[in-house]
1. Which one, (i) 18.7; (ii) 15.4; (iii) 10.5, gives mean projected area of the Cα convex hull in nm² as derived from the coordinates shown?
2. Using only Cα atoms and rounding to the nearest 10 degrees, what angle (0 to 90) does helix 48-57 make with the longest principal axis of the chain?
3. Tally Lys/Arg at +1 and Asp/Glu at -1 over every other residue whose Cβ is under 15 Å from the Cβ of Leu144; what's the total?
4. For the chain, find the longest principal axis of its Cα atoms and tell me its angle to the long axis of helix 97-107, 0 to 90°, nearest 10.
5. Among the Cys residues of the chain, which have no other cysteine Cβ under 4.7 angstrom away?
6. If one takes the longest principal axis of the Cα atoms in the chain, at what angle in degrees, from 0 to 90 and to the nearest 10, does the Cα axis of helix 69-91 lie?
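A short reminder: the numbers here are calculations on the coordinates, not readings from a lab. Please read all numbers here as calculations on a predicted model, not as lab measurements. Every residue, glycine as well, gets a Cβ built from its backbone with ideal geometry; the counts of neighbours run over all protein chains shown.
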Amino acid sequence: MTTPHTAPGGAAPQPLPAAPGADQHPALALVNTRTIRPTGAFDDLAEPAAALDWLTGSGLLPTRRTLTPGEAGRLRALRECVRDLFTARLTGDAPDPAALAELNSALAATPFTGRLHWDGTADGPRLESRPAGGTPLDAALTRLARDAAELLSGPHAEAVAACGATGCIRYFLRTHGARQWCSQRCGDRVRAARHYARTRAAGTT
């Protein structure tokens, strides 16, 4: 599996717009926490406090708790295994056995049980899946692993794509067959580079 990187100097760049599908699939948002920026590689989860902010902001952990360096490392390890599995899915290669084992370990970290929630409002009853054991972090990792497994094996598997912009390592869900980039920003950058190449070629002829 690959190793996450940290931005030089630790300065956080401006956040990128969410890639298509990341709002619906936390596993997709997770793999996109490691990016390549103009200043170099950046890891949104490099520090425990940043990893905690991401987990709580994603609704995967309750607020007002701490995250140890080891726990943040577990989150980064899951991210890297999901990235490797996404890559294997796109290339058609056999997955790294260690990545598959990491995902399956996270899937088994916390059992979930169904609970019927009914508060008498107009919304009516709804079935919820709740953790039946393990730590809050175990439950968060299991949710992320489950979402990744569903993406890899479910109806959206063929829509998972890697951004086609040079230097971008983000993944997204294709909203239509012609989409090649994770954001308008990447698309504009590619189009600008193509325009520059055409202009330069025309100037040398």
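1. (ii)
2. 80 degrees
3. Residues near Leu144 contribute -2 overall.
4. 40 degrees
5. For the chain, the answer is Cys81, Cys186, because their Cβ atoms have no other cysteine Cβ under 4.7 Å.
6. With both axes taken from Cα atoms, the answer is about 60 degrees.
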